[in-house]
Amino acid sequence: MSTNEQNQQFVDQEEQVIENDTQEQTTDTTQLEQESEQQQEANVEVGAEVEQLTKQLDEANNKLLRIQADYDNFRRRTLKEKEELAKYASSKLITNLLPSIDNFDRALAAAAATGDLESLSKGLDMIFRQLMATMEAEGLQAMNVVGEPFNPEFHQAVMTVESDEHEEGIVVEELQKGYVLKDKVIRPAMVKVSG
């Protein structure tokens with residue numbers, strides 16, 4: 001082979017190598033462009049998903065804030081209602097007691113004008129019965145304790161006395177009435193107990 005042929009063969013080989021390299025570069029560039037496009041599409045999808053999740057998070061936060069505000073309003077409203085209920089809880093009882101107070105005023109005025117103690121006594125007895133009826137309507141009951149066994153939940157013993165009529169531990173005398181409101185003792189009876 002002559003030098004020209006060898007040179008030509010070398011040039012052909014080099015052209016072939018350059019052409020192969022160019023094809024590989026073109027293939028690599030095309031592949032890189034495709035990968036870049038795929039990456040951009042993935043980025044767009046991720047961005048849309050992030051935007052959707054951010055929107056859902058904002059909605060959840062807004063809902064939570066509304067629920068918290070509703071709860072705070074409810075708590076304030078119930079506290080106010082509770083305070084008003086406590087403030088005016090006795091208004092019904094007071095309203096029911098007003099007629100007895102009016103009758104006391106009338107009785108005292110009549111006693112001062114006439115000086116009749118018997119009429120005053122009868123008037124006070126009537127007012128007392130009216131007052132007790134009002135209290136019983138509210139659930140107040142006086143205890144009947146004489147002759148009953150001593151019970152520290154209902155009785156307050158202030159002294160013990162010897163008694164031939166009663167066994168030991170029996171209430172023999174009531175010094176101050178005890179009262180029960182519905183089923184709760186509001187004042188125990190002050191009593192003497194046989195010893």
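Each reported figure results from applying straightforward, stated rules to the coordinates on display, with no laboratory input. The structure displayed is predicted, hence computed values, not measured ones. Counting neighbours? That spans all protein chains shown, and the Cβs are built from the backbone with ideal geometry, glycine included.
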Rg(Cα)/(2.2 N^0.38 Å) for the stretch 72-195, N = residue count: 1.53
Charge dipole of the stretch 141-195 about the Cα centre (unit charges at C-beta), most positive-ward option of Val180, Gln156, Gly195: Val180
Computed over the chain: relative contact order in percent, which uses C-alpha pairs under 8 Å that are six or more apart: 13
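Sum up the charges of everything whose Cβ sits under 12 Å from the Cβ of Met190, counting Lys and Arg as +1 and Asp and Glu as -1, but leave Met190 out.
+1
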Calculated [θ] (222 nm, deg cm²/dmol) that DSSP helices of n ≥ 4 give over the chain, each run adding -39,500 (n - 2.57): -25000 deg cm²/dmol
Span-rule helices in the chain, defined as complete DSSP H runs reaching 24 Å or more along the axis (Cα) with Kyte mean at least -0.5: 91-114, 117-137
Antiparallel bridges, percent of DSSP beta bridges restricted to the chain (to nearest 5): 65
Protection proxy ranking, peptides 176-183, 9-16, average beta carbon neighbours within 10 Å, highest first: 176-183, 9-16
Pairs from Lys122/Lys192; Lys87/Lys184; Lys92/Lys177; Lys63/Lys87 whose Cα-Cα separation, in the structure shown, is over 28 Å: Lys122/Lys192; Lys63/Lys87
Expected-Rg normalisation [2.2 N^0.38 Å, Cα atoms] applied to the stretch 112-155: 1.76
For q = 0.08, 0.22 Å⁻¹, Debye-computed log10 I/I(0) when each Cα of the stretch 1-143 counts as one equal scatterer: -0.67, -1.23
Charged-residue dipole, Cβ positions (Lys, Arg, Asp, Glu), the chain about Cα centre, Debye nearest 20: 3300
